[in-house]
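Heads up: the structure comes next, in C-alpha cells.
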Amino acid sequence: MRFWIWSPLFACLMQIGAGSAGAADIEAGKVTFKKCALCHTNEKGKNKVGPSLFGIVGRKSANLDNYNYSDAMKKFDQVWTPQTLDKYLADPRTVVPGTKMIFPGIKDETERENLIAYLETLK
Ligand code: HEC
C-alpha cells in the first residue's frame, strides 16, 4: 500500500532531476566557444580564418557570400540544425571530408550540446 502512494511522487521527482541534468548549459557552451573563437566570430558579417557563426543554427552550409568555402563544404549542402552540427562538431573531417576546418572535434556529448545551445543564441 505504501509503495503505491509514494511511487508516483518518487517518479515525478526523478523526472524533475533528470530534466535539470539534461538541460543544456548556455554559459558552459559560451566557454567552449572560446575553442572556436580562434577561427570564428559570433558577429554578423565578420569572418576570420573561418566564416562568422552568427545565425549558424538554421543556416544553410557554405551560405555566406563574403566567405571563400572549400569545395568540400560547398558540396556538403545541408542545413545546420542542432543535429547536423552535433555530428559535424564531433568529427568535422569525417562528416565533411576535405573541409579546411582544421579542428579535431569535440568528443564530449554534453559539451557539444551546451555549445550548440550557445550557438542557438547567436541571432
Ligand atoms: C582552426 C580554425 C577553426 C577552428 C578552431 C574551428 N573552425 Fe569551424 N571552420 C573553420 C574553417 C576554415 C571553416 C570553413 C570550412 C570549409 O570551407 O571547408 C569552418 C567552418 C565551420 C562551419 C560551417 C559554416 C558554414 O557557414 O557552413 C561551422 C558550423 C563551424 N565551422 C563551426 C565551428 C565550431 C562550433 C567550432 C568550435 C567548436 C569551430 N568551428 C572551430 C575553421 C575553424
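Excluding residues on the same chain fewer than 8 positions from LYS46, give the aspartates and glutamates whose Cα lies under 18 Å from its Cα. Those aspartates and glutamates meeting the cut-off are ASP65, GLU120. Each residue of region 42-57 is assigned a 3J(HN,Hα), and the resulting list reads 9, 9, 4, x, 9, 9, 10, 4, x, x, 4, 9, 5, x, 5, 6 Hz, derived from the Karplus form 6.51 cos²θ - 1.76 cosθ + 1.60 (θ = phi - 60°), x at Gly and Pro. Per q in 0.18, 0.19 1/Å, what log10 I(q)/I(0) does a Debye calculation on the alpha-carbon atoms of region 39-116 return? Values returned for q = 0.18, 0.19 Å⁻¹ are -0.72, -0.81. The shape of region 74-123 comes out oblate: with a ≥ b ≥ c from the C-alpha gyration tensor, a/c is at least 1.5 while a/b does not beat b/c. Taking amide H atoms as placed 1.01 Å from N in the peptide plane, the amide H of THR81 lies under 5 Å from those of GLY58, each 5 or more residues away in sequence or on another chain. Over 25 Å apart at the Cα level, from the set LYS44/LYS107; LYS34/LYS100; LYS30/LYS74, are LYS44/LYS107; LYS30/LYS74.
None of the figures in this text is laboratory data; all of them are computed from the coordinates on show. As the structure is a computational prediction, the values presented were derived from the model and not from experiment.
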